[in-house]
1. Rounded to the nearest 500, what is the chain's calculated 222 nm mean residue ellipticity when only DSSP H runs of at least 4 contribute -39500 (n - 2.57) each, over all residues?
2. If each of residue 58 and residue 92 carries a label point 7 Å out from its Cα toward its Cβ, how far apart are those two points in nm?
3. With unit charges on the beta carbons (Lys and Arg positive, Asp and Glu negative) and the dipole taken about the Cα centre of the chain, which residue among 82, 24, 62 sits farthest to the positive side?
4. Loop-only chymotrypsin sites (Phe, Trp or Tyr not before Pro) in region 9-74, please: DSSP not H, G, I, E or B, and at most 16 other Cβ atoms within 10 Å.
5. If you place +1 on the Cβ of every Lys and Arg, -1 on the Cβ of every Asp and Glu, and leave all else neutral, what size is the dipole of the chain about its Cα centre, to the nearest 20 Debye?
6. Could you list the GluC sites (Glu not before Pro) in region 1-54 that lie in coil according to DSSP, counting only those with at most 15 other Cβ atoms within 10 Å of their Cβ?
7. Starting from the Cα of residue 76, draw a straight line to each of the lysines and keep only those under 22 Å, dropping any in the same chain fewer than 8 residues away.
8. Loop-only trypsin sites (Lys or Arg not before Pro) in the chain, please: DSSP not H, G, I, E or B, and at most 10 other Cβ atoms within 10 Å.
Amino acid sequence: MKIISEIGTDMQAFPSEHHLASWAGMCPGNNESGGKKKALIAIGHMILCACYHIILKKEPFNELGMDFLEEKLKEKRIEHYAKKLKELGYKIDKIA
């Protein structure tokens, strides 16, 4: 209830979950050192992003599991390294 009292139920004010997290100050910065504070902010960021989708879609929380997160991280890493290789002049072709 505290989250709803702070952000309301109209998610149109925020174009994405990341905008909401930034507005709420729940984005870990690159200049922060590791440790408990950064971990707590990261967990708060995930909870706030989940709340955004629950409120926006008016659907209950659905645990996606570790496989989903691992696949998402894998895709982000591939995109990151492909971009870096292209910046270095390499041509990247997806095989599979």
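1. Numbers: 4 runs with 58 residues, N = 96.
-19500 deg cm²/dmol, from helical runs alone.
2. Simple spin-label model gives 4.0 nm for this pair.
3. Of the candidates, 82 comes out farthest on the positive side.
4. Details: sites: 23, 52, 61, 68; in loops: 61.
Within region 9-74, the qualifying chymotrypsin sites (Phe, Trp or Tyr not before Pro) (loop, at most 16 other Cβ atoms within 10 Å) are 61.
5. On the way: 15 positive and 13 negative charges, 76 e Å.
In debye, rounded to 20, the chain gives about 360.
6. Details: sites: 6, 17, 32; in loops: 32.
When the GluC sites (Glu not before Pro) of region 1-54 are filtered for loop state and at most 15 Cβ neighbours within 10 Å, 32 remain.
7. Result set, ordered by chain and number: 38, 84, 86, 91, 94.
8. On the way: sites: 2, 36, 37, 38, 57, 58, 72, 74, 76, 77, 83, 84, 86, 91, 94; in loops: 58, 91, 94.
Filter output for the chain: 58, 91, 94.
FYI, it's all coordinate maths here, none of it is from the lab. All figures in this text were calculated on a predicted structure; none of them were measured in a lab. Note: ideal-geometry Cβ built from the backbone for every residue, glycine included; neighbour counts use all protein chains shown.
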